[in-house]
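**Student:** Starting off with a structure, shown below.
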Amino acid sequence: MQIFLDTANREEIARGVATGVVAGVTTNPTIISRENKPLVECVRAVLDVDPTLIVLVEVISDRAAGMVEEARKLAASSENIVVKIPMTAEGLAAVKCLRRDGIRTTVTLVFSVNQAIAASCAGASYVAPFVGRLDDINADGLRLVREIKALFKVQNAATGVLAASIRTPQSVADLFAAGCDIVTMPEKVLHAMFRHPLTDAGLRAFMEDWRKVPGGENAFAALHRKGQLAQCQS
Ligand code: G3P
């Protein structure tokens, strides 16, 4: 179970990494275009924040040979990069070739079970169903993910599911419950995941009560003094 962020923005990535729950970032041409700098600099900025992050980067060629060439360059530039390949016939041919090279791929813009089957048969490491874009047109993104997961399980497929295009924190819970390996989301959804008014109210009450504890303001300084607890235990 891994959480990725949909961004190439250094500040957003730094805030996400600081939460301790972000394992990677997902980019696409739209996300890169927002940063107003070359792709190489965007990737470098991500890895400057945290060199352990997985970075998903999409190829731009529309021909298999071009995609393979771009993917090889990306993979050679950093072992953290997983290459995104669009869900087209040319893309599938590229995935097959890259599989032979040992280059990890995510087939992106998946909107049907048959597209997921085709991507898995070609050797994709992950398929990326775009949940929110289906919901946007009154279809059912979660249902698609459940169908893909069920089919991959029946077929014992080696392809993982990376759910993308996420609109709400509830969707994240539903998608992980459906068995998604990775859910990639915008920053606002990430932070909405762990906010709860009862947590805030509970914490306020604890802090008010703490003021009633004798010596409460210095309690932790006292604990830091060497041997304090060891003496109590002996
Ligand atoms: O990974 C990118 C994908 O999540 C795009 O989402 O909001 O453009 O549908 P969106």
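The values are calculated or read from the model by the stated rules, or taken from the named source; none is laboratory data. Bear in mind that the values here come from a model prediction, so they are computed numbers and not experimental data. Virtual Cβ from ideal backbone geometry, glycine too; neighbours counted across all protein chains shown. Remember, those area values only see protein heavy atoms, side chains included, never the ligands or the DNA or RNA. Shrake-Rupley method; radii C 1.70, N 1.55, O 1.52, S 1.80 Å.
**Student:** Quick one: would you say ALA128 is of a type in the set (Gly, Ala, Ser) and open to solvent by 30 Å² or more (accessible area, probe 1.4 Å)?
**Tutor:** no
**Student:** Could I ask something else about it? Grab the helices (runs of 4 or more DSSP H) fully contained in region 114-214, keeping just those with 3 or more residues being modelled with pLDDT of 95 or more, under 22 Å from the mean Cα position of the chain (by Cα) and closer than 28 Å to ARG34 by Cα.
**Tutor:** Output list reads 131-136, 169-177, 187-193.
**Student:** How about region 89-113: which of its residues are part of a helix (DSSP H, G or I) and of a type in the set (A, V, I, L, M, F, W, C)?
**Tutor:** ALA89, LEU92, ALA93, ALA94, VAL95, CYS97, LEU98, VAL113
**Student:** Can you say whether ASP181 is under 21 Å from ILE54 (Cβ atoms) and either within 15 Å of the ligand (Cβ to nearest atom) or surrounded by 10 or more Cβ atoms within 10 Å (Cβ to Cβ) (or both), as far as the supplied structure shows?
**Tutor:** For ASP181, the condition - under 21 Å from ILE54 (Cβ atoms) and either within 15 Å of the ligand (Cβ to nearest atom) or surrounded by 10 or more Cβ atoms within 10 Å (Cβ to Cβ) (or both) - is met.
**Student:** Among the residues of region 198-207, are any within 27 Å of THR7 (Cβ to Cβ), surrounded by fewer than 14 Cβ atoms within 10 Å (Cβ to Cβ) and without any contact (Cβ under 8 Å) to a residue 24 or more places away in the chain?
**Tutor:** yes
**Student:** Taking the condition of being within 30 Å of MET87 (Cβ to Cβ) and more than 14 Å from the chain's Cα centre (by Cα), how many residues in region 7-30 meet it?
**Tutor:** 4
**Student:** If the Cβ limit is 6 Å and pairs must be 6+ apart or interchain, which residue in region 147-173 that is more than 23 Å from ILE103 (Cα to Cα) pairs with which residue that is among the β-branched types (Val, Ile, Thr) and within 12 Å of the ligand (Cβ to nearest atom)?
**Tutor:** Final answer for the pair search is SER165/VAL131; ILE166/VAL189; PRO169/VAL189; VAL172/VAL183.
**Student:** For region 99-111, which positions are open to solvent by 40 Å² or more (accessible area, probe 1.4 Å) and within 21 Å of the chain's Cα centre (by Cα)?
**Tutor:** Once the filter is applied, which keeps residues that are open to solvent by 40 Å² or more (accessible area, probe 1.4 Å) and within 21 Å of the chain's Cα centre (by Cα), region 99-111 yields ARG104, LEU109, PHE111.
**Student:** Go through region 3-21 and count every residue that is within 14 Å of the ligand (Cβ to nearest atom) and either out of contact with any Ser or Thr (no Cβ under 9 Å at 6 or more places or on another chain) or within 15 Å of SER165 (Cα to Cα) (or both).
**Tutor:** 7
**Student:** Further, regarding this structure: Which of the residues spanning region 131-175 are open to solvent by 40 Å² or more (accessible area, probe 1.4 Å) and either more than 18 Å from ALA116 (Cα to Cα) or within 11 Å of the ligand (Cβ to nearest atom) (or both)?
**Tutor:** ARG133, ASP135, ASP136, ILE137, ASN138, ARG167, THR168, PRO169, GLN170, ALA173, ASP174
**Student:** Could you list, in sequence order, all residues of region 114-130 that are away from the ligand (no atom under 16 Å from the Cβ) and closer than 13 Å to LYS96 by Cα?
**Tutor:** Hits for region 114-130 are ALA118, SER120, CYS121, ALA122, GLY123.
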